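A short write-up of the structure that comes next.
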Amino acid sequence: MPVIVTAARRLGHANASVTTRHYARPIDGRDAQVAKHLDKLGTERASGTQRARKSGKTST
């Protein structure tokens, strides 16, 4: 079970969005790490899409 869901339950919140709305805060230096990770994912997905198009397959 994801950590945020566990925390939400322990705090008695109706759902995880209540928990994140009140307790989530940016962490210094994480923005650059997250951006790099998302860029990598975007590149991998884009190249996967190109391979699928070349082979005539599409993902739905």
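The values are calculated or read from the model by the stated rules, or taken from the named source; none is laboratory data. Just so we're clear, the structure is a prediction, and the values are computed from it rather than from any experiment. As a convention, Cβ positions derive from the backbone with ideal geometry for all residues, glycine included, and neighbour counts pool all protein chains shown. Just so you know, the surface numbers come from the protein's heavy atoms only, side chains and all, with ligands and any DNA or RNA stripped out. Shrake-Rupley method; radii C 1.70, N 1.55, O 1.52, S 1.80 Å.
Numerical summary
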item	result
Filtered residues of the range 1-48 (kept if within 18 Å of the chain's Cα centre (by Cα), small (Gly, Ala, Ser) and at pLDDT below 90)	Ala24, Gly29, Ala32, Ala35, Gly42, Ala46
Residues that are open to solvent by less than 100 Å² (accessible area, probe 1.4 Å), part of a helix (DSSP H, G or I) and either touching a residue at least 12 places away in the same chain (Cβ under 8 Å) or of a type in the set (Val, Ile, Thr) (or both), drawn from the range 1-28	Ile4, Val5, Thr6, Ala7, Ala16, Val18, Thr19, Thr20
